[in-house]
């Protein structure tokens, strides 16, 4: 081994040895924990978290605050005897957590309790889940667009330069040979140029005006700023919350329903900060950074939730003092059209994403479909209804007969009358 | 042809400026085209044909001080076709004996399972073991109930019903998401699962010791509502 590498080798081997020792020690202390983990999960986890306050306090290192070890055993076996006896630590804790009575655990032995406390003291948070990388693809396709336009432009410039060089060469050659150059006519006077430009302009303007007129009143890609930065990607994408959890009306009624704040609070009583910022940073469409935790605090203001007291603010009559969040409505069919969610989601079994696009990838929702009449009709022509599974369709005997005879494979919505004007306009 | 002619007539300076302008235009257009995002809804031809003149579900309503069109039902009102329960919040002794006379067939139990996975599974886990995605990923501080645990295996169904209706500890109320029949379908699904995992015998199945529905109005109402809904959906 070369002389210069020796100290390095020594350091390496020493640190490896130290690492090995630490590993051994970890194993050793962890060997008491498994039992404690199981006990903690089955008895305490419903109210306690090692690191965060939940129904009860965070338990990591709580045994350091006990007057003595014995005290901890007494508390877990029956906390109310300590509270009733006026023990100051116990009473203070009882009052701090809103006088919620902790379940007594007389069946646990002192060793069990020590094992639980050892487990929570040694507890380390699980590694953050990796965020799925869906958004990257869209960015990739954008990049491609750039490359193509730059490529086209360079080719164009190249062509111009070459052509220009060519013509100056020809002129030079002409003057050398003594052939007179053609007299240049100014472009704007050339009849051909004027005519062609006029026709092109006419066609362009016509296209632009007709298209604009058709799209007037439609809102494809509309993505308004919302009063609270609520990300569908964080909820429906990364955390896998089902669309119907919040939009429960989609199966029951015409409206899909926007959830009121009590639905948000089902989860956000516990989730009081956004911890996903490293794996998935929140940004508006303009690229402005958003602090998720601040947004959750804003939600608390709307919901009337006091994150310190861990309870709702109530008025004298006991009503929760909440104000609805005024979300900006994105999809707006004109009033002369009738659209029903239950019909499509429950009966037709159409996926939300077919009409609303990749919502689970969007931070801010935008309108994916044009919501034009052609869009509705096109889908009605192409989509087959749930013909066999739906008792209501048993009266369509001709179609059933044809299906049985193998003359057709399915029945589209248009064949059920889905293109008749009065189904949508009445 | 014309294009060549056009270029022919320009001198080098003009070409330079054309290149610069077209470069600028392309870059400008490309930067405007940030995914076609728009923050404004645009214009409409005829507002009175687009926006409902009658108050619609989401429109604001000047007749109420809080300007909400969707009102809370009057206390004790029963929507047509819906069931009512006479439970009072906080009456824990009533919770313990509260139950239903509804019985469910295989399809309804399957529906209960589907509803469970949508509304409860995110916390309680699709294996009913309290290890739902939100707890497993560490977002939740406290563990949701594990229905396979001895504590819940024999829990009276009324107590579970009350937890759905009013919420319990960290769990909020699901009354706004699940109607009465759906709550019982979910509970029947849980009880069925529990009885297969060491819980009490399952009694909410149609073949179980089913008692006929006592409150016939509710049953009638449900049956009616079902057929009515179907008719409505088809009619549109």
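The values are calculated or read from the model by the stated rules, or taken from the named source; none is laboratory data. Predicted model, so just to flag it, every value in this text is computed and none were measured. Note that we place each Cβ from the backbone using ideal geometry, even for glycine, and neighbour counts take in every protein chain shown.
Of all residues in the range A:330-380, which are on the phi > 0 side of the Ramachandran plot, surrounded by fewer than 16 Cβ atoms within 10 Å (Cβ to Cβ) and touching a residue at least 24 places away in the same chain (Cβ under 8 Å)? Walk me through it before giving the result.
Initial filter on the range A:330-380 (on the phi > 0 side of the Ramachandran plot): A:349, A:357, A:371.
With the extra rule that they be surrounded by fewer than 16 Cβ atoms within 10 Å (Cβ to Cβ), the set shrinks to A:349, A:357.
Within the range A:330-380, just A:349 meets the criteria.
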Checked against (1) in contact (Cβ under 8 Å) with a residue 24 or more places away in the chain; (2) not assigned by TED's automatic domain parsing to the domain that holds residue A:277, residue A:198 satisfies every condition except (1)
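Are any of the residues in the range B:150-169 at pLDDT below 85, within 16 Å of residue B:194 (Cβ to Cβ) and within 14 Å of chain A (Cβ to nearest Cβ)? Please lay out each step first, then the result.
Going residue by residue through the range B:150-169, those that are at pLDDT below 85 are B:150-151, B:169.
Right, trim to within 16 Å of residue B:194 (Cβ to Cβ) and you get B:150-151.
When the remaining residues are screened for being within 14 Å of chain A (Cβ to nearest Cβ), the result is B:150-151.
Checking the range B:150-169: at least one residue is at pLDDT below 85, within 16 Å of residue B:194 (Cβ to Cβ) and within 14 Å of chain A (Cβ to nearest Cβ).
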Please state which of the following conditions residue A:389 fails to meet, knowing it meets all the rest: (1) under 13 Å from residue A:411 (Cα atoms); (2) away from every other protein chain (no Cβ under 14 Å); (3) out of contact with any helix residue (DSSP H, G or I) (no Cβ under 9 Å at 6 or more places or on another chain).
(2)
Can you pull out the residues in the range A:168-181 that are at pLDDT below 80 and in contact with a helix residue (DSSP H, G or I) (Cβ under 9 Å, 6 or more places away or on another chain)?
A:179, A:180, A:181
Confirm whether residue A:409 is surrounded by fewer than 13 Cβ atoms within 10 Å (Cβ to Cβ), modelled with pLDDT under 90, within 14 Å of another protein chain (Cβ to nearest Cβ) and not in a helix (DSSP H, G or I).
no
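If you check B:113, B:125, B:138, B:121, which single one turns out to be farther than 17 Å from residue A:54 by Cβ and surrounded by fewer than 20 Cβ atoms within 10 Å (Cβ to Cβ)? Talk me through it step by step, then tell me what you get.
Values: B:125 fails: surrounded by fewer than 20 Cβ atoms within 10 Å (Cβ to Cβ); B:138 fails: farther than 17 Å from residue A:54 by Cβ; B:121 fails: surrounded by fewer than 20 Cβ atoms within 10 Å (Cβ to Cβ).
The conditions single out B:113.
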Test: residue in the range A:272-280 that is surrounded by fewer than 19 Cβ atoms within 10 Å (Cβ to Cβ), away from every other protein chain (no Cβ under 12 Å) and either assigned to a helix (DSSP H, G or I) or touching a residue at least 12 places away in the same chain (Cβ under 8 Å) (or both)
yes
Which residue is modelled with the highest pLDDT, if the candidates are limited to the range A:20-54 and must be surrounded by 20 or more Cβ atoms within 10 Å (Cβ to Cβ) and assigned to a loop (DSSP other than H, G, I, E, B)?
A:48
Taking residue B:43 and the conditions (1) within 14 Å of chain A (Cβ to nearest Cβ); (2) exposed (fewer than 13 other Cβ atoms within 10 Å of the Cβ); (3) modelled with pLDDT of 85 or more, which numbered condition does it fall short on, given that it satisfies the others?
(3)
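To keep it simple, each residue is scored yes or no on (1) within 12 Å of chain A (Cβ to nearest Cβ); (2) modelled with pLDDT of 60 or more; (3) surrounded by 11 or more Cβ atoms within 10 Å (Cβ to Cβ); (4) touching a strand residue (DSSP E or B) at 6+ places or on another chain (Cβ under 8 Å).
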site	(1), (2), (3), (4)
B:22	yes, no, yes, no
B:27	yes, no, yes, no
B:47	yes, yes, yes, no
B:52	yes, yes, yes, no
B:58	yes, yes, yes, no
B:77	no, yes, no, no
B:97	no, yes, no, no
